[in-house]
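The values are calculated or read from the model by the stated rules, or taken from the named source; none is laboratory data. Everything numeric in this text was worked out from a predicted model, so none of it was measured. Counting neighbours? That spans all protein chains shown, and the Cβs are built from the backbone with ideal geometry, glycine included. When the accessible area is computed, the model is the full protein with side chains, heavy atoms only, and any ligands, DNA or RNA have been set aside. Shrake-Rupley method; radii C 1.70, N 1.55, O 1.52, S 1.80 Å.
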Amino acid sequence: MMSKDLNGRRVVVTGAGSGIGFALARHAAQAGAQVAIVDILMDKAKAAAAEIGALGADARGFGCDVTQPAEVDRLKDAIMLELGGADIFFNNAGVGVGGRVDEISPEDWAWTFAVNVTGIANCVRVFTPVLRAAAAEGREAWFVNTGSEHSLGIPTIGANNAYTASKHAVLGLSDVMRSDLSADGIKVAVLCPGLVSTRLYDAGTSRPEAFGGAFSLPSEHRAQFIEVMKTGQDPALTAAICFEGLERGDFIIIADPDVRSFAEARINEIQRALDVIDERFRGVEQ
Ligand SMILES: NC(=O)c1ccc[n+]([C@@H]2O[C@H](COP(=O)([O-])OP(=O)(O)OC[C@H]3O[C@@H](n4cnc5c(N)ncnc54)[C@H](O)[C@@H]3O)[C@@H](O)[C@H]2O)c1
């Protein structure tokens, strides 16, 4: 059970230059943790660390693109040097692009999965030994993956091509991590926020060259997206709900009651399919 007091904990958050990642890092820092703020944009990571550091916390910024295994290896070296290890690792970096499923480009499919799914796998490969060492010292070790409402069904706002598919994959990956890493004493949770008021609409500004390079949304589309995001949850509340879930030791942490309707629709769909197959096999010799 994780205590509210995070004194002495070493917390790493990817994609923490803004939004939910920044709020998770600030929450942890205010609870006494030493925090490593990781972002593909080094300047953003450093600025976020300075802002959290100004609250009297120990916060350091690191540049790392989680899609690049070699950069994640270098991040581990830097974290070991500066923090001496890690106890709680938030796989939070995530991106998404708009458009219909049949219109999204091959580069955007690759980019979305590279950040949202393989980015987690890259960090798990490199940081599992670090967390395993922490657990062996009797410290509480966690990987916390930021999934989404899109991990649990199709939100009322609609499905969103590769993003929805990738966030379903985050749930599956989290499950695999839970079963494989429990023997190492590492706990796993998946955070499923609803709509949160962040700068996700500017995700394209950090798209690496390998996936087509940086882009901004057309101004009208961006303005609409900004209006929608304004209606989202305050990221500070999302972070607080996440830490409440970790205190309880939850695997799935849902951060918004609106998720119920479409998560239940998916549960009911599976239930109906189970009833159909039960009926199909009723009385039939297996
Ligand atoms: N905002 C929402 O409504 C919402 C809802 C559910 C889940 N999420 C998820 O929350 C997470 C955080 O998103 P956010 O909404 O705070 O958006 P955000 O754009 O404000 O923050 C994401 C951060 O990730 C960084 N980043 C992008 N690519 C990266 C990479 N390859 N390596 C390292 N850092 C990278 C960006 O520079 C940015 O600072 C994402 O996984 C997102 O899918 C967001």
Self-check item: Scan of the range 64-93 for residues that are crowded, with 19+ Cβ neighbours inside 10 Å and touching an Asp or Glu at 6+ places or on another chain (Cβ under 7 Å), ordered by number
Solution: Cys64, Asp65, Asp87
Practice problem: Could you tell me whether Arg199 is under 19 Å from Gly94 (Cβ atoms), open to solvent by 80 Å² or more (accessible area, probe 1.4 Å) and modelled with pLDDT under 95? | Solution: yes
Practice problem: Could you tell me which of the residues Arg272, Arg266, Arg260, Arg248 is exposed (fewer than 15 other Cβ atoms within 10 Å of the Cβ) and under 26 Å from Asp5 (Cβ atoms)? | Solution: Arg248
Exercise. Kindly indicate whether any position in the range 196-207 is of a type outside the set (Lys, Arg), assigned to a loop (DSSP other than H, G, I, E, B) and at positive phi.
Key: no
Self-check item: Among the candidates Asp5, Asp58, Asp43, Asp39, residue that is surrounded by fewer than 17 Cβ atoms within 10 Å (Cβ to Cβ) and either under 24 Å from Gly194 (Cα atoms) or touching a strand residue (DSSP E or B) at 6+ places or on another chain (Cβ under 7 Å) (or both)
Solution: Asp58
Exercise. Within the range 1-41, track down each residue that is under 18 Å from Asp250 (Cβ atoms) and polar (S, T, N, Q).
Key: Ser3
Quiz prompt | From Glu264, Glu247, Glu269, Glu220, residue being away from the ligand (no atom under 13 Å from the Cβ), of a type in the set (Asp, Glu), assigned to a helix (DSSP H, G or I) and in contact with a Ser or Thr (Cβ under 8 Å, 6 or more places away or on another chain) | solution = Glu247
Practice problem: Answer yes if at least one residue in the range 106-113 is at pLDDT 95 or above, assigned to a loop (DSSP other than H, G, I, E, B) and either aliphatic (A, V, I, L, M) or within 26 Å of Gly185 (Cα to Cα) (or both), and no otherwise. | Solution: no
Practice problem: Could you list all residues from the range 211-245 that are among the hydroxyl-bearing types (Ser, Thr, Tyr) and either under 27 Å from Ala110 (Cα atoms) or open to solvent by 80 Å² or more (accessible area, probe 1.4 Å) (or both)? | Solution: Ser216, Ser219, Thr231
Quiz item: What pairs can you find where one residue is in the range 47-73 and within 21 Å of Thr112 (Cα to Cα), the other is among the small types (Gly, Ala, Ser) and away from the ligand (no atom under 13 Å from the Cβ), and their Cβ atoms are less than 9 Å apart, with a gap of 6+ or different chains?
Solution: Cys64/Ala78
Quiz item: Restricting the range 114-161 to residues that are part of a loop (DSSP other than H, G, I, E, B) and among the charged types (D, E, K, R), which is least open to solvent (accessible area, probe 1.4 Å)?
Solution: Glu140
Quiz item: Does the range 123-135 contain at least one residue that is closer than 24 Å to Arg199 by Cβ and more than 16 Å from the ligand (Cβ to nearest atom)?
Solution: no
Quiz item: In the set Leu191, Leu173, which member is assigned to a helix (DSSP H, G or I), touching a residue at least 24 places away in the same chain (Cβ under 8 Å) and either more than 8 Å from the ligand (Cβ to nearest atom) or hydrophobic (A, V, I, L, M, F, W, C) (or both)?
Solution: Leu173
Practice problem: Would you mention how many residues in the range 250-261 are more than 18 Å from the chain's Cα centre (by Cα), within 27 Å of Ile104 (Cβ to Cβ) and assigned to a helix (DSSP H, G or I)? | Solution: 1
Quiz item: Quick check: is even one residue across the range 104-113 within 16 Å of Ala203 (Cα to Cα), open to solvent by 60 Å² or more (accessible area, probe 1.4 Å) and within 12 Å of the ligand (Cβ to nearest atom)?
Solution: yes
